[in-house]
Amino acid sequence: MNNIQMYRHKDDDTEVISTLQEAIPHIVDRLAASCKRPDSLDHVDPMPFPSQEEVVGIIHQVRKIVFPGYYTKARIDHTNLSNVLGKECSELYDRLLGQLVLSLQHPCLNSGTPCLDCLATSGQIAFKFVNYLPGLREILSLDARAALEGDPAAKSFDEIIFSYPGLFAIAVYRIAHFLYREGIPLLPRMMTEYAHSRTGIDIHPGARIGESFFIDHGTGVVIGETTEIGDRVRLYQGVTLGALSIPKDKVKEFRKRKRHPTIEDDVIIYSNATILGPKAVIGARSVIGGNVWITEPVPPDTKVILKRPELVYIGKNRQGSQGEC
Amino acid sequence: MNNIQMYRHKDDDTEVISTLQEAIPHIVDRLAASCKRPDSLDHVDPMPFPSQEEVVGIIHQVRKIVFPGYYTKARIDHTNLSNVLGKECSELYDRLLGQLVLSLQHPCLNSGTPCLDCLATSGQIAFKFVNYLPGLREILSLDARAALEGDPAAKSFDEIIFSYPGLFAIAVYRIAHFLYREGIPLLPRMMTEYAHSRTGIDIHPGARIGESFFIDHGTGVVIGETTEIGDRVRLYQGVTLGALSIPKDKVKEFRKRKRHPTIEDDVIIYSNATILGPKAVIGARSVIGGNVWITEPVPPDTKVILKRPELVYIGKNRQGSQGEC
Amino acid sequence: MNNIQMYRHKDDDTEVISTLQEAIPHIVDRLAASCKRPDSLDHVDPMPFPSQEEVVGIIHQVRKIVFPGYYTKARIDHTNLSNVLGKECSELYDRLLGQLVLSLQHPCLNSGTPCLDCLATSGQIAFKFVNYLPGLREILSLDARAALEGDPAAKSFDEIIFSYPGLFAIAVYRIAHFLYREGIPLLPRMMTEYAHSRTGIDIHPGARIGESFFIDHGTGVVIGETTEIGDRVRLYQGVTLGALSIPKDKVKEFRKRKRHPTIEDDVIIYSNATILGPKAVIGARSVIGGNVWITEPVPPDTKVILKRPELVYIGKNRQGSQGEC
């Protein structure tokens, strides 16, 4: 650091230094000027946004409450359990309330006809969420059980709760989905994108997903906004439940439509399968094989697999060029 | 924050506030009651678990020792090298010992017939691990060399050690595999899941992998628990070495069986290839092309590629709907 | 911790302890000895490397400057905008200068004929970069607009700037590419690998990418070093723009050649498509369907899709074994 400071002041190449000193105001002017254009992508505005740090903090606090003892440094036993849970629930209410207010006020104040209810609405939703925690604990326990029953490599619930990315992504999705259904903007997508970043599993908070859901490995999984998934469904890495292509001029019109598949109860979808569009209704108890690409309905109790590809075997004396690096 | 506190105490909507104050004890009761059920997913127990933070700390400390000078802020030269390494090795022993004790005691005390040897066993394994560090340094150097030789975009060892996710994932796997073979529960999977989260590469600590292993790009790679991989093998992004589907009622029975492929020496597997099941033994020096799906053995010195798919070209006047978004 | 310390000193199994105390010097000797071999992978050298932490800090500081108000805790409005931007630009110059010096000096001093210009060159490049910030702001605004126009699930610019991994990866790429073109070693790859780790999107800083670029979901995307991409191109998750396989003895020779595809203006490439090699020039306005594997040129205004795979439907009474777990 000293080297660098000295360099800035002592270097013979004074053109650079003097140019920098003169240049910064001009650079700043160009940056600031573009912030005054009507279509500028900036948030030069006294109203703060929700905070990514707080969003992450809320997720981890919910996890502490719904799986007591797993993520806390302090030991929890039956003598202090209620006190710890009470303290965590009450803190969570405060943190969530703070972020809900920031999420709701921002578009509300910008709407031209601001409501006066953002604060009260935020309080009601934060309360509803805290009240949902016992139910969330039940449904996440079912998800953890589905992992233990679905994966021969799973050794214990401890292992699943500590190290299964699928359970983490589903937990974050269930938190975000609750807030999405309450009409909260921004916050739900910030939550699921945090899970996406950590796990490679991208579940839109608008998707509707039943009980006992299991995603194994999970990297590359995409579940779109209007996807519906029944109970006891199992997915593997790289599965896409996506939308069909939309002509550019119709993007707005499609925003509110069902665009994604429906997966009924007890379906299994193996790695890298791609299921696209609202017509793709996968019937109950069906199995979709790896790498399959589907845009049409599949009846219940059906197994869909690719015809075994004809492989070409080439001896070592021939050089091909199909590889990739 | 002040705003929010004021809101809680001043808002007219006192129903919300009073309900919250009254409600929290009831919510806590529901959460706590479910913790007393025999099948409850909680850890309300005075015995602490291993710590994710400490596990991450151990991984980074090992990296500092096996690639000296790359990850340390303080400068290392030949005058202080031995002192730095000695201090790091001794600290690593203490940290690892702490986590090993927590990993071993937990299932032991819960087993009904606790042994009295967890502490001594942990000490022996921590010692064995520290003693393994020079060997780990040798084998990871071979892995780094394999990256330099296998990737035309690689500019230097510095670049590989600093910025190749494959090398990071392999290093964590080799640490975790050592502990897995010593019979340590939980800790090895916490380690490899940390690498999975950072790199998108999911290697089960039970897999057996030879020397000079290279994974390029890596996102989406899955290597299952009973996979065996020889020397000088190279994989690309999205490769799955997985297990075939198992009927739900046989999951327990399959836990101890070989379920995953065997990859012999000098094999190359290109991006998004999927190789499944214990019959899939890929013979030495074979090359598996991208997107290939294999469940059967492949002889040595063979190249397996998909038949070039027949592509359908449609001019700009026709609208299709195969896309996805 | 107390437990563990006590254990080390009190345990009867003194063999372990005494062996450890005796063993550490021997372990250190083996580690240190290998650091003196000519081909050793270590950095036992008084010259420090660039710091991963600083590299991450630089990326986040650039984001604060080019999207003002989105990532800052302090509120920004038009009264303090210029002051905030001026302070951030000036700090960024200092931080970047520090890392550029470390990146350039290291290979320079090791080259045998060190130049005396590393400091001056670093200053010039840091200045050039700060001067590029208004242009970077313009080009990233176009990228954000392309996301809003391309994704029916996108609700607002706020959502895109806060939670679209594609925009983050592209921003980091554009920063890294600037430094790559200036000939800076190490730093550009450290930057793009940080984005890869957070998003699953692996863009080599050497790739050349036009305006209004959009990557949706993004996990598993790989864009190789010599790829060229035109304006208004859109990619989905799992797309590989890679190189064909190169015989091991020709890796060095291929380092400076064009090895990757060219994607012309207005092309859309759907999920998990793989496009390999320099012959694969995808003509303007063409659409590449999901899962397609291409190594040859595609004319402009063409849609390339896989022939619909023939699916095999099996009723519930037959057990197949194509699945994977």
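The values are calculated or read from the model by the stated rules, or taken from the named source; none is laboratory data. All figures in this text were calculated on a predicted structure; none of them were measured in a lab. So basically every Cβ, Gly included, is an ideal-geometry build from the backbone, and we count neighbours across all protein chains shown. SASA here: full protein model, heavy atoms, side chains in, ligands and nucleic acids out. Shrake-Rupley method; radii C 1.70, N 1.55, O 1.52, S 1.80 Å.
Observations on the structure shown:
- Kirkwood-type hydrodynamic radius, chain A: 23.5 Å, calculated from all non-identical alpha-carbon pairs.
- On the basis of the beta-carbon distance and an R0 of 56 Å, B:E138 and A:C115 show a calculated FRET efficiency of 0.25.
- Here region B:154-187 and region A:199-236 have alpha carbon centers that stand 29 Å from each other.
- Amide H within-cut-off set for B:V281, under 5 Å, with H built and near neighbours excluded: B:T262, B:V298
- With its label point put 7 Å out from Cα toward Cβ, B:R208 sits 5.0, 5.0 nm from the same residue's point in the other copies, in order from shortest.
- Ellipsoid fit via the Cα gyration tensor, the protein assembly as shown: semi-axes of 37, 37, 35 Å, each the root of five times an eigenvalue, largest first.
- For chain A, adding -39500 (n - 2.57) for each run of n ≥ 4 DSSP H residues and dividing by the number of residues yields -15500 deg cm²/dmol at 222 nm.
- Pairs from the list A:K64/B:K250; A:K258/C:K155; A:K64/B:K36; C:K64/C:K155 with a Cα-Cα gap above 24 Å: A:K64/B:K250.
- Ordering C:L276, C:N291, C:V221 by Cα displacement along the dipole of region C:207-305 toward the positive end leaves C:L276 in first place; charges were set at the Cβ atoms of Lys, Arg (+1) and Asp, Glu (-1).
- Less than 5 angstrom separates the built amide H of C:I209 from those of C:I229, all sequence-distant by 5 or more or on a different chain.
- Principal axis box of region A:207-305, alpha-carbon based, largest edge first, Å: 37, 28, 26
- Label spacing, shortest first and in nm, from C:T19 to its equivalents in the remaining copies (7 angstrom along Cα→Cβ): 6.5, 6.5
- Solvent exposure ordering (accessible area, 1.4 Å, most first) of A:H26, C:H177: A:H26, C:H177
- Partner chain coverage, peptide B:33-43 - average Cβ within 10 angstrom: 6
- 3J(HN,Hα) along region B:280-296: 7, 9, 9, x, 3, 6, 7, 10, 9, x, x, 6, 5, 10, 10, 10, 10 Hz, from the Karplus curve 6.51 cos²θ - 1.76 cosθ + 1.60 with θ = phi - 60°, whole Hz, x for Gly and Pro.
- Phi-based couplings in Hz for region A:49-64 (Karplus 6.51, -1.76, 1.60; Gly and Pro marked x): 8, x, 9, 4, 4, 5, 4, 5, x, 5, 4, 5, 5, 4, 4, 4
- Taking amide H as placed 1.01 Å from N in the peptide plane, the amide H of C:G69 sits under 5 Å from that of A:H43, each at least 5 places away or on another chain.
- Counted over the protein assembly as shown, the DSSP beta bridges are approximately 15% antiparallel.
- The mean count of C-beta atoms from other chains within 10 Å of the C-beta of residues in C:21-28, rounded to a whole number, is 6.
- Inter-copy spacing of B:P297 label points, which lie 7 Å from Cα along Cα→Cβ, given in nm from shortest upward: 4.6, 4.6
- Under the combined filter of DSSP loop state and at most 12 neighbouring Cβ atoms within 10 Å, region C:48-122 retains these trypsin sites (Lys or Arg not before Pro): C:K73.
- Rounded to the nearest Hz, the phi-derived 3J(HN,Hα) couplings of region A:35-48 under the Karplus curve 6.51 cos²θ - 1.76 cosθ + 1.60 (θ = phi - 60°) are 6, 9, 6, x, 9, 5, 8, 8, 10, 8, 6, x, 7, x, where x marks glycine and proline.
- In Å², nearest 10: area of C:S90 left accessible to a 1.4 Å probe: 40 Å²
- Per-residue mean of C-beta atoms belonging to partner chains within 10 Å, peptide A:132-143: 3
- Exposure ranking of B:H78, B:H196 by accessible area [1.4 Å probe, largest first]: B:H78, B:H196
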